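For reference, the structure discussed in these notes is given below.
The values are calculated or read from the model by the stated rules, or taken from the named source; none is laboratory data. Since we're looking at a predicted model, the values are computed, not measured. Note that each Cβ is placed from the backbone with ideal geometry, even for glycine, and that neighbours are counted across all protein chains shown. Each accessible area value is taken on the protein alone, full model and side chains, heavy atoms only, with ligands, DNA and RNA left out. Shrake-Rupley method; radii C 1.70, N 1.55, O 1.52, S 1.80 Å.
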Amino acid sequence: MTVFEKQFHEVKELLHFDDFNAVIKRIIDFTLDTESIPFYKNTTALLDWLDTNENNTAEKKEKLEIILQELYSFLSNKNCSEHQTIITVDDLRKTYNSNFSLGPIQLEIKTGEIIGLVGENGNGKTTLLRSLCGELAPTEGKIHYHFEYDDAYDLRTKLVYIPQRTKTWRGSMYENLEFTASCYGYLPEENNLIIDLIITRLGLRKFRNHNWSGLSSGYKMRFELARMLLRKPKILLIDEPLANLDILAQQTILDDFRNIANSPFRPIAIVLSSQQLYEVEKTSNQVVFLKQGVQKNLNSENNAIKNCIIEFESTTNISDLKVVFSSLSIISLQQNGGTYIATFPEHISMNDFMKTLINHNISISYMRNISNSTRRFFVH
């Protein structure tokens, strides 16, 4: 089964359970995969119909089934794209002054993958993103780009960087996207079709006529994402995309990133920085932790560190907890407010931890095994 066939069957399952919002997003993804104006028109016509027939569930489901089958018939004959390494970073160092230096950084970035950059503020995440996109030249080391480009301008076009604080723009959101599309090689007859598909995909359809001041920070970021996707980038470099978003919006945008990156026919790479450790870890193929500019990769670090590390919250005092966990040969117990970090030998499991809590009638309000999480890099 190809990647596309697997994704198609997942969408069919979503439709079976009437998850229409998710189905519509994936239909738009498949439509963009066709790179065919007739399919652009068909899906855009469906979206226009949905604007006034949202509650017509039976007919909506029928129309979605028809267009989904048409897309399957077309795309099943198209070859999927293999994931390829597009950027390698060899011993990158960037020194600003005697107080801070980033690196050395070793990194391999592939299409179809999401790399999460995590770490405390001021530890080099933004510096690394700006270096990858060419805004900052390395002090030492090299960044190799494994794709064709004509010149420095063409290279920067393919390396899209979205900062946390975006610049103010004038006019309506839609007018700005029309201008962007006209600059990046779209045919006149596909310009507006592509824009309509992308803004709907990113939840911006009802804001098409809004200006900069009329959008929240979360939707401004989505606008920047729409604008940058029109450039058909090789990689998206996004600084703190989850900032100022509620937990539901965070999950939605991360799902969007996952689907955008893992297109069967147009895969791109995404590198994003965030303070939301657990959300990023669930989405990313690789997580890089930066501490005072120094790189730690979760996968390689896991080979060296074998301890069982559990984070939990309890009102029980630390002295009593140490006594309780002595039966588990506890190595260390650290406290930060009401949150504890307990380190046990490798052979101790989460089940052992929970059984001990129950046997000693210890009440907890939260727990998580962080043995394979970048959260343990924050433990001092």
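Roughly how big is the chain's charge dipole about its Cα centre, with Cβ charges of +1 (Lys, Arg) and -1 (Asp, Glu), in debye to the nearest 20?
Here the size comes out at about 820 debye.
Per residue of the stretch 212-220, in order, report the coupling 6.51 cos²θ - 1.76 cosθ + 1.60 (Karplus, θ = phi - 60°) as ³J(HN,Hα) in whole Hz, putting x for Gly and Pro.
After applying 6.51 cos²θ - 1.76 cosθ + 1.60, I find 4, 6, x, 10, 6, 4, x, 6, 4 Hz.
Would you mind telling me the share, in percent, of accessible area of the stretch 1-121 contributed by carbon and sulfur at probe 1.4 angstrom?
Carbon and sulfur atoms account for 45 percent of the accessible area of the stretch 1-121.
Placing +1 on the Cβ of each Lys and Arg and -1 on the Cβ of each Asp and Glu in the chain, which of Phe100, Leu136, Tyr219 has its Cα farthest towards the positive end of the resulting dipole?
Phe100
Please list, in order along the stretch 131-147, the HN-Hα scalar couplings obtained from phi with the Karplus expression 6.51 cos²θ - 1.76 cosθ + 1.60 (θ = phi - 60°), rounded to whole Hz, x for Gly and Pro.
Per residue, the Karplus-derived 3J(HN,Hα) values read 5, 4, 8, x, 6, 10, 7, x, 6, 9, x, 9, 10, 9, 9, 9, 8 Hz.
Answer with one residue from Pro267, Thr88, His146: the one whose Cα lies farthest towards the positive end of the charge dipole of the chain, charges on Cβ with Lys, Arg +1 and Asp, Glu -1.
Among Pro267, Thr88, His146, the one farthest towards the positive end of the dipole of the chain is Thr88.
Which of the following values of Cα Rg over 2.2 N^0.38 Å was calculated from the structure shown: (i) 1.13; (ii) 1.19; (iii) 0.99?
So the calculated entry is the one marked (i).
Using θ = phi - 60° and the Karplus relation 6.51 cos²θ - 1.76 cosθ + 1.60, list the HN-Hα couplings for the stretch 323-329 in order, rounded to whole Hz, with x at every Gly or Pro.
3J(HN,Hα) across the stretch 323-329, in whole Hz: 5, 4, 8, 4, 5, 9, 6.
With every protein chain left in place, what is the accessible area per residue of the chain in square angstrom, probe 1.4 Å?
That works out to 49 Å² per residue.
Just flag the trypsin sites (Lys or Arg not before Pro) in the stretch 1-57 sitting in loop per DSSP whose Cβ has no more than 16 other Cβ atoms within 10 Å.
Counting only loop positions with at most 16 other Cβ atoms within 10 Å, none of the trypsin sites (Lys or Arg not before Pro) in the stretch 1-57 qualifies.
Whats the longest run of the chain with zero GluC sites (Glu not before Pro) that are DSSP loop and have at most 10 other Cβ atoms within 10 Å?
With GluC sites (Glu not before Pro) excluded where exposed in loops, the chain gives 149-345 as its longest stretch.
At a 1.4 Å probe radius, which order do Arg130, Arg375 fall into by accessible area, largest first?
So the residues, ranked largest to smallest area, are Arg130, Arg375.
Nearest 5 is fine: what % of DSSP beta bridges in the chain come out antiparallel, could you say?
Roughly 65 percent of the beta bridges in the chain run antiparallel, per DSSP.
Over the chain, what is the mean sequence separation of C-alpha contacts under 8 Å (at least six apart), divided by residue count, expressed as relative contact order in percent?
Taking the mean separation of contacting Cα pairs over the length of the chain, I get 18 percent.
I'd like to know how the stretch 225-358 sits against the 2.2 N^0.38 Å rule of thumb: what's its Cα Rg over that expected value?
Compared with the compact-globule rule of thumb, the stretch 225-358 sits at 1.38.
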